[in-house]
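Just below is one structure, and these are the notes that go with it.
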Amino acid sequence: MTTTAISARGLRKSYGDKSVLNGIDLTIPKGSVFALLGPNGAGKTTTVEILSTLVAADAGEARIGGHDLRREAAAVRSLIGVTGQFAALDNLLTAEENLLLMADLRHLPRREGRRRAAELLRRFDLTEAARKPVSTFSGGMRRKLDLAMTLVGDPRIIFLDEPTTGLDPRSRRTMWEIIRDLVVADGVTVLLTTQYLEEADQLADRIAVLDHGRLVAEGTAEELKRIVPGGHIRLRFASLAELDSAAGQFRAAARDPEELTLRIPSDGSIPALRAVLDVLDDAAVQAESLTVHTPDLDDVFLTLTGHGTPDTTAEMAR
Amino acid sequence: MSTFSYAVSDSLTMLRRNAKHALRYPAMTFSVVLMPMMMLLLFNYAFGGALGAGIAGAPTGGAGTGSGTEYIDYVAPGIILMAATSGAVATAVGVCVDMTEGIVNRFRTMSLSRAAFLTGHVVGSTVQTLAAIAVVIVAAVAMGFRPDASLVEWAAALGLLTLLTLALTWVSAAVGLIARTPESASNIPLPLTFLPFLGSAVVPTDSMPAGLRWFAEYQPFTPVIETLRGLLTGTGIGSSGYVAVAWCAGLTLAGYLWARSAFTRTTHR
């Protein structure tokens with residue numbers, strides 16, 4: 001209990017005859033960022049809804065901050081903060097009023113509430129817009145205010161459901177900084193869901209890949225990359241002659257005469273690296289430079305789920 | 001603080017939120033007043049002459065041409081009651097629109113009193129509707145309505161109106177929760193705004209054909225209208241008073257339970 005913020009065993013949920021979650025197990029240590037990565041419809045939002053007490057699971061159990069999700073929902077609610085996929089703001093109120101509303105509902109004394117609201121507006125760079133109705137805010141501002149409202153109650157465990165979906169690249173970077181800062185400055189535990197591999201790679205200590213309601217892999221970004229073949233060693237040569245003679249030594253290699261490079265499939269491990277260098281030595285070919293490419297999370301996802309992530313591809317292309 | 005005082009403070013917070021909404025966007029309050037005002041104008045000036053002539057004891061109607069009881073004295077209590085049904089529609093729409101806002105899901109993940117959200121809406125709407133009722137009463141008096149109620153009778157009439165508003169507001173809060181869109185939230189309670197016409201709001205039930213008369217006499221609005229009319233203009237109340245209060249109390253309880261269970265069940269995305 002002292003080191004685990006969130007633990008879940010066998011979470012299941014179906015809507016009608018459509019099964020959304022097929023037994024999810026999670027263990028998330030305190031003070032870490034955990035990413036649930038998956039395409040649309042994988043069950044990310046449902047997992048967050050269950051863990052944040054919004055929806056009851058059909059089966060399975062979970063403990064949040066040491067409290068049983070089902071039996072001690074009120075205790076769980078007092079520990080958590082949730083920023084959902086769609087901004088949970090009151091559009092008819094101003095930014096400041098939204099924050100004060102949260103402060104009132106968290107039963108903070110009036111002065112403390114005002115202090116906290118002002119501090120959060122400053123921290124999220126919203127002070128100038130504080131008195132404007134939220135309906136006039138841009139997507140990035142809304143998301144920031146949404147997170148600020150979550151933070152009013154000083155939650156120890158924060159659920160972020162697709163915190164940057166629909167944001168422009170700049171607002172996304174700002175959001176990332178805010179999330180990193182949260183963990184460093186406040187020591188909170190964050191469970192975030194994302195469709196963006198880059199986002200999970202950037203923010204999370206551990207990543208679980210969710211597909212069709214099942215966890216298909218879990219580990220650090222590095223661990224995940226390692227289970228996937230598809231890495232390669234890239235050699236660059238000074239001349240076409242050297243490239244060609246090196247290419248003669250490696251059967252599976254792909255040569256690129258324009259760039260004067262050779263791509264050799266490899267898992268990037270030291271023995272593999274040494275073997276390549278030995279072959280070059282024996283053939284008396286000098287390489288100008290060598291780079292090891294480990295697969296990125298896109299490769300991981302493709303390998304694990306057997307299908308691509310169209311949303312991500314489109315997103316990366318922007 | 002105890003659980004109960006948290007519940008009260010959360011409800012007050014929610015009420016403040018609804019009050020801000022109502023003050024900042026008065027269109028909804030205006031629309032609550034609009035319907036009964038139109039009815040008042042319509043039934044006093046357009047239909048009053050003909051309808052008044054058909055009602056015994058109200059030989060003249062229209063813009064007050066002569067002696068005896070005016071038709072407006074008959075119809076005003078019924079139309080004052082329509083302000084309450086009009087408020088019910090506004091409540092259903094208000095709750096439904098609010099449910100489509102993401103903030104409600106945020107409320108659910110916070111450790112606040114479960115009923116606070118609904119209590120805030122219902123109390124807010126009740127105050128809004130009572131304000132509309134006051135406006136309609138003033139307008140009716142300006143058009144010639146001459147209630148002869150004593151202070152106690154006025155208090156009883158307002159008490160009954162408050163009770164009725166509370167009942168209708170709880171029921172329509174539940175409607176707002178189960179309605180999928182604001183459009184359907186405004187359509188579902190429409191029969192409610194129609195029911196007073198199928199009671200004794202604009203004409204006495206004796207004038208109706210047998211089947212309809214039976215329905216009119218046993219539906220909830222007729223005893224409420226009869227009681228109001230009795231309190232304000234001194235017509236006979238009989239057992240209507242008890243029946244009216246029983247209906248209102250029953251509807252309030254049913255509406256409250258329905259709304260609570262609907263709120264626990266629904267999650268709008």
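The values are calculated or read from the model by the stated rules, or taken from the named source; none is laboratory data. Bear in mind the structure is a predicted one, so any value in this text is a computation, not a measurement. With ideal geometry, Cβ positions are generated from the backbone for all residues, glycine too; neighbour counts draw on all protein chains shown. For the accessible areas, the whole protein counts, side chains as well, though only heavy atoms, and no ligand, DNA or RNA atoms are used. Shrake-Rupley method; radii C 1.70, N 1.55, O 1.52, S 1.80 Å.
Numbers for the structure displayed
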{"quantity": "Whole-number accessible area per residue in Å² for region B:164-269, which is evaluated in the context of all protein chains at 1.4 Å", "calculated": "47"}
{"quantity": "Helix axis angle, B:71-100 relative to chain B longest principal axis, alpha carbon, degrees", "calculated": "20"}
{"quantity": "Total charge dipole magnitude, region B:104-199, about the Cα centre, Cβ charges on Lys, Arg, Asp, Glu only, Debye to nearest 20", "calculated": "460"}
{"quantity": "Sparse-neighbour loop sites [trypsin sites (Lys or Arg not before Pro); region A:1-110; at most 14 other C-beta within 10 Å; DSSP]", "calculated": "A:Arg70, A:Arg71"}
{"quantity": "Of all DSSP beta bridges in region A:116-243, antiparallel share, percent nearest 5", "calculated": "50"}
{"quantity": "Computed over the protein assembly as shown, the ratio Rg/Rh where both radii use C-alpha atoms and Rh is Kirkwood", "calculated": "1.18"}
{"quantity": "Where A:Asp281, A:Asp205, A:Asp211 fall by accessible area, highest first, once all protein chains stay in place (1.4 Å)", "calculated": "A:Asp281, A:Asp205, A:Asp211"}
{"quantity": "0 to 90° range, to nearest 10: angle between helix B:221-233 axis and chain B longest Cα axis", "calculated": "60"}
{"quantity": "Between 0 and 90°, nearest 10: helix B:151-178 axis offset from chain B longest Cα axis", "calculated": "50"}
{"quantity": "For chain A, fraction of C-alpha pairs farther apart than 37 Å, in %", "calculated": "30"}
{"quantity": "Cα centroid separation - region A:9-84 against region A:214-275, whole Å", "calculated": "40"}
{"quantity": "Size of the B/A contact, given as accessible area buried on both chains, probe 1.4 Å, in Å²", "calculated": "2500"}
{"quantity": "Calculated FRET value between B:Val8 and B:Ala249, using beta carbons and R₀ = 22 Å, to 0.05", "calculated": "0.50"}
{"quantity": "Estimated dipole of the protein assembly as shown in Debye, rounded to 20 [Cβ of Lys and Arg +1, of Asp and Glu -1, Cα centre]", "calculated": "1580"}
{"quantity": "Backbone N under 18 Å from the A:Ala75 label point (7 Å along Cα→Cβ), restricted to region A:1-43", "calculated": "A:1-9, A:30"}
{"quantity": "DSSP-defined beta bridges in chain A - what % are antiparallel, rounded to 5", "calculated": "65"}
{"quantity": "Part-to-part distance (alpha-carbon centres) for region A:100-155 and region B:174-196, which is given in Å", "calculated": "34"}
{"quantity": "Cα centre as origin, Lys/Arg/Asp/Glu Cβ charges: chain A dipole, Debye", "calculated": "1440"}
{"quantity": "Where labels lie 7 Å past Cα in the beta-carbon direction, separation of B:Phe30 and B:Ala149 in nm", "calculated": "2.9"}
{"quantity": "Mean ellipticity per residue at 222 nm, deg cm²/dmol - from DSSP H runs of n ≥ 4 across the protein assembly as shown, formula -39500 (n - 2.57)", "calculated": "-17000 deg cm²/dmol"}
{"quantity": "Solvent accessible area, Å² - A:His212, 1.4 Å probe, full protein context", "calculated": "130"}
{"quantity": "Global geometry of region B:182-237, whether rounded, prolate or oblate, following the gyration tensor of its Cα atoms and the 1.5 cut on a/c", "calculated": "oblate"}
{"quantity": "Residue pairs, from the table A:Lys144/A:Lys225; A:Lys132/B:Lys20; A:Lys30/A:Lys225, whose Cα atoms sit over 21 Å apart", "calculated": "A:Lys144/A:Lys225; A:Lys30/A:Lys225"}
